[in-house]
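See below for the structure under consideration.
The values are calculated or read from the model by the stated rules, or taken from the named source; none is laboratory data. None of the values given here were measured: they were computed from a predicted structure. All Cβ positions, glycine included, derive from the backbone under ideal geometry; neighbour counts span all protein chains shown.
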Amino acid sequence: MVYNTELNALIDRLKNDDKDSENVNPGSWGLTEYLKTLIDNNQLQDSAAIGSAKKAVTDGISLLSDAQLKAIALDMLNNDLYMKECPNCFEIIAWGEMRIALFEGQCYHCVYQQEKIEQE
Ligand SMILES: [Zn+2]
């Protein structure tokens, strides 16, 4: 079950991070590459989301309609392809670190800290 607030927040993040050429937004880097990875690994399920993500990679996210952005965002949330922030330190997860964060269940800083503690 996806909540509207969650969905709208993700749509806003996609739009704003795409425009963020100066890297002002935390975690904005790596967005297009992440979408490409989702396509290459067949991780998106909905055909509208797949088509929209392909368009985003080739033409740019700024050319997507709100409906297309919504399709991508909804598919990310439905298929656990998005983590907003680290559950431990509440750091915003960068797109470029999304895959590792989803795999580990936390951000890479926390993974690193944990490994350090385990080795001591
Ligand atoms: Zn963390």
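Side notes on the structure shown:
- Residues within segment 70-93 that are closer than 17 Å to GLU33 by Cβ and either part of a helix (DSSP H, G or I) or without any contact (Cβ under 8 Å) to a residue 60 or more places away in the chain (or both), tallied: 4
- Residue match in segment 43-64 (condition: modelled with pLDDT of 95 or more, among the hydroxyl-bearing types (Ser, Thr, Tyr) and farther than 23 Å from ASN8 by Cβ): yes
- Residue check, GLY96 among the small types (Gly, Ala, Ser), assigned to a helix (DSSP H, G or I) and within 16 Å of the ligand (Cβ to nearest atom): yes
- Qualifying residue in segment 97-120 (condition: buried (at least 18 other Cβ atoms within 10 Å of the Cβ) and under 20 Å from THR5 (Cα atoms)): no
- Meets criteria (among the basic types (Lys, Arg) and closer than 20 Å to TYR3 by Cα) for LYS55: no
- Filter result (basic (Lys, Arg) and out of contact with any helix residue (DSSP H, G or I) (no Cβ under 6 Å at 6 or more places or on another chain)) within segment 18-53: LYS19
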